[in-house]
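Peer 1: There's a structure below that I have some questions on.
The values are calculated or read from the model by the stated rules, or taken from the named source; none is laboratory data. What you see is a predicted model; the values in this text were computed from it and never measured. Glycine also receives a Cβ, built like all others from the backbone with ideal geometry; neighbour counts cover every protein chain displayed.
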Amino acid sequence: MKLIKLKLASFRNLQNMELAPGKKFNVFYGNNGQGKTNLLESIYLLATMKSFKQAKNAELIAFGAEFALIKGVVERDQVRREISVLLEKQGKKAKIDAKLATRLDDFFGNLNVVLFTPEEISMVRGGPDLRRRYLDRAVFTCDLSYLAAYHDYSKILKNRNALLKINEGAGIEVWTEQLVHAAKLVIERRKAYLAEIAKLLQGFYSEISGNDETVQIEYRLHGVDGKRYAEDPEAALSEALKAHAAEERRRCSTAIGPHRDDLYFGLNGRSARHFASQGQQRSFVLALKMAEIEFITRCFNAPPVLLLDDMTSELDRERNHNLMEFLKKREMQVFITTTSPQNVAMDDMEENRTFRITHGKILY
């Protein structure tokens, strides 16, 4: 899976540009604030129709422009297709080979990406929302039906919360039943993904750290008895919602469900969040990303495109070396941003290309 061409119009400060990236390593360097991360954001948006910065459409469109356009030629299984995303303040429109994509399932999967940013290093020690966002993004890449399941759950949750806010008891049971069913579908897909990732995680962590430390990753239900859930998921969720009914009325929001669940990252049987060093936490996240790349490669029989944003500032020399060695062994396309090309060991990289970005323009 490769991005052969990229064309941008009025996207952030990259107002009009065309790019023909190399098939393997592409390094973009320049001072901060010049548009390096914006370039990666455009590729990510072309693949997922979302900004990894959680930005609104209006923030993605260059000042004074009515719309922004991201267009790419992608190659998968030796077949090339043109995909594009038109960004307008009121919404997005996706096209495949110049035809409007009426089903998002047809659009997604043409370009798979894995994102690695400095912010994700904080995933271990940060709040649960960071870990949930990572998990949902990863699950969706290999399970396109997950998007519909997650959206269904979100709609039901919104309606149930609306009743709680106005203290309307009538009708809450109907929404609770729907919520329980939708929650189970989301949770089961999340847990299935983690079961596969857990098989890969230990090996990559050992490769990065060079020691025999053991790592764990587990799905943690919020306010739900795990043993009871294993016996009868929907009954366990229903019972937990009833037990938290007073809290829900007080807070005017739903207390139980996937929107409150978390991931547990363990190191040698203890919480990595509380007991791991910064170096160990970095190794954990790096191993997690390597496992994600490997899993996507197996799902599609082709590696994803890796977007690596300024990670040389977060990884020490040894971890940076281990990452690059991992990437060199795989036939995958990589986009790397850095403040200086000297930060990336490119001497023995095959098919590497270097670009300078300044004031939103790419210099070859």
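Peer 1: Evaluate the following for residue 9: is it part of a loop (DSSP other than H, G, I, E, B), over 30 Å from residue 287 (Cβ atoms), more than 22 Å from the chain's Cα centre (by Cα) and at pLDDT 90 or above?
Peer 2: No: the conditions fail for residue 9.
Peer 1: Let me ask you something else. What single numbered condition from (1) aliphatic (A, V, I, L, M); (2) closer than 20 Å to residue 260 by Cα; (3) exposed (fewer than 14 other Cβ atoms within 10 Å of the Cβ) fails to hold for residue 157?
Peer 2: (3)
Peer 1: Could I ask something else about it? Taking the condition of being surrounded by fewer than 19 Cβ atoms within 10 Å (Cβ to Cβ), in contact (Cβ under 8 Å) with a residue 24 or more places away in the chain, assigned to a loop (DSSP other than H, G, I, E, B) and not charged (D, E, K, R), how many residues in region 211-242 meet it?
Peer 2: Qualifying residue count for the region: 3.
Peer 1: Can you pull out the residues in region 293-321 that are over 22 Å from the mean Cα position of the chain (by Cα) and either surrounded by 15 or more Cβ atoms within 10 Å (Cβ to Cβ) or of a type in the set (Lys, Arg) (or both)?
Peer 2: Within region 293-321, just 317 meets the criteria.
Peer 1: Next up: Quick check: is even one residue across region 35-49 under 17 Å from residue 141 (Cβ atoms), among the aromatic types (Phe, Trp, Tyr) and in the same structural domain as residue 328 (by TED's automatic domain parsing)?
Peer 2: Within region 35-49, one or more residues are under 17 Å from residue 141 (Cβ atoms), among the aromatic types (Phe, Trp, Tyr) and in the same structural domain as residue 328 (by TED's automatic domain parsing).
Peer 1: Residue by residue through region 173-183, note down the ones that are surrounded by 19 or more Cβ atoms within 10 Å (Cβ to Cβ) and not β-branched (Val, Ile, Thr).
Peer 2: Correct list: 175, 179, 182, 183.
Peer 1: Kindly list the number of the only condition in (1) assigned to a strand (DSSP E or B); (2) closer than 27 Å to residue 151 by Cα that fails for residue 260.
Peer 2: Every listed condition holds for residue 260 apart from (1).
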